[in-house]
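Taken together, the values in this text are just the output of simple stated rules run on the coordinates, not laboratory data. Predicted model, so just to flag it, every value in this text is computed and none were measured. Methodologically, a virtual Cβ is constructed for each residue, glycine included, from the backbone with ideal geometry; neighbour enumeration extends over all protein chains shown.
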Amino acid sequence: MSHTHSSAAPRDEQLLRQLGYQPQLVRRMGPFGNFAVSFSVISVLSGCMTLYGFGLVTGGPAVMMWGWVGVGAMVLLVGAALAEVTSAYPTSGALYFMADRLGGRGWGWYTGWLNLLGLLGGIAGIDYGAATFTGALLNMQFGFTPTPGSLMVIYTVILLVHAVLNLAGVRLVSVLNSISVWWHVGGVLVIVGALVLVPSHHQSAGFVFGHWSNGTGWSSPLYVVMIGLLLTQYTFSGYDASAHLSEETTGAAMSAPRGIVRSIWTSWIAGFVLLFGLTFAIKDYAGTVGTSTGVPPAQIFLDALGTGGAKVLLLAVIVAQLFCGNAETAAASRMVFAFSRDGALPGSGWWRRTSPRTGTPVAAVWLSVVVAFLLALPAMWSVTAYNAVVAINVLGITPAYALPIFLRLRAGRRFTPGPWNLGRWSRPIGVAAVVWVALVTVLFCLPQSSPVTSDSFNYAPIVLACALVLATVWRWIAGRSYAPPAVGSARMAELAEEVV
């Protein structure tokens, strides 16, 4: 294995120089570690669990189960199309660098801001979700009543832990992600096994795959189904993490695209098994929806296994969510680093520095967790505000996936595929991916419950519009300093390295 690493590393560095960058980060991550980071960020034990209550009222089990199958298949197409472009441009900047190369500066700028916003919103969504589950566990164990203030304290502690773990270097991040894979697989099997084997009461297959429940207030079944698909689409975000860590991965032109695709199909299977196990074990539907724990899966655990068993399973879920947030922090900080390296952020000179000891972009890690803290701060006053943060995660990141794919289609023969490519399937898969992303982007903007009040309003499109306006203003003020390396700047990178 070490021989492969040593022979692959010079080729990786040579490719990076051809793309115009001098190597700054340390390549200490193998192909499994690269897959593990995306698998950890997708985290079925985070997404499915956090949004399970949402699924129970937006169409219920019928939409959850079949939506998981259908949406998962479409996400696999998006991932495959993105993986093909990643193979040609394996850099930490990932999506925005691809967009810049294939479409020009403007495309790169807006793709970068969407991707960055999505990643930072992702840390907030994942870690705040972990804080609410921790609150539910403390409630069971100590009778602790979670309040917005106490949840914010738990959330802040989680963010600090993730900052410290990421500062220790990519080797530790890689090891933690590898453990995370087995924790997720084992966790799903233990949870589903316990829910299938222990309780005497189970729902029928007809219920699991066919029960309809609409608590949204909307009367149109089609509308409810469309919104219900968001459970799956939200869970399947973050697989660009493999691309963001490609400058720290050996054999990145093959490892990163494989990491993207493998993380999606393994999560697709694991998530289906998990949703089936949870739904199969529902004892009292209304009681699960209106649970006093605030976490419907926790109520299913309680009803099926009693307090002791519920605590064990809840702890397994929380640990998985912590692994997920740690991997997301790694991906977001690499995006901050890369975007700053190209002069796109205020104070770029500060955020692109790396630690001489660990090779980690230290300031970028701290910026990522501080922004995530500020994004979730409104949850102190409004649940709706938190939901907007979660939505901004997917509403920012999902269109950012489609932009490089769209530009690759537009480039036609100008695009030179990397070693991992789709061959003659490239165009049909790319078209399907772009159409799907356009559809779900509209779904993310729709109001999710009726009547639409200040509490139930979907603020995500407003947050997104504000972000795009700020990106436009910042481009006008400081866009001249944004300068990803031009094609053919390999010699410049080598010269710069000799100077350094």
Which of ASP303, ASP100, ASP127, ASP284 has the fewest Cβ neighbours within 10 Å, and the rest in rising order: ASP284, ASP303, ASP100, ASP127
On Cα atoms only, tilt of 490-499 relative to the major axis of the chain in degrees: 80
³J(HN,Hα), Karplus 6.51/-1.76/1.60, whole Hz, each residue of the range 397-404, x for Gly, Pro: 7, 5, x, 5, 5, 7, 4, x
Inter-part distance where the range 401-442 and the range 306-374 are each reduced to a Cα centre, Å: 29
Label-point gap, in nm, between MET380 and SER355 - each point 7 angstrom along Cα→Cβ: 3.0
3J(HN,Hα) from dihedral phi, the range 87-100, Karplus parametrisation 6.51/-1.76/1.60, rounded to Hz, x for glycine, proline: 4, 7, 9, x, 10, 4, x, 6, 4, 6, 5, 4, 5, 5
Structure-derived semi-axes √(5λ) of the Cα gyration tensor in Å - corresponding label in (1) 38, 29, 19; (2) 40, 23, 21; (3) 37, 23, 22: (3)
On Cα atoms only, tilt of 31-42 relative to the major axis of the chain in degrees: 50
CD proxy at 222 nm, helix term only [per DSSP H run n ≥ 4: -39500 (n - 2.57); per residue of the chain; nearest 500]: -25000 deg cm²/dmol
Alpha-carbon centroids, the range 200-227 and the range 7-75: separation in whole Å: 28
Rounded tilt (10° steps) of 105-142 against the dominant C-alpha axis of the chain: 30
Difference of contour (0.36 nm per residue) and Cα-Cα distance, ARG424 to VAL153: 92.3 nm
With 5 Å bins from 0: P(r) over the range 1-103, alpha-carbon pairs, percent: 2, 9, 14, 18, 15, 13, 10, 8, 6, 4, 1
Positive-end extreme of charge dipole, the chain - chosen from SER178, GLN299, SER43 (charges on Cβ): SER178
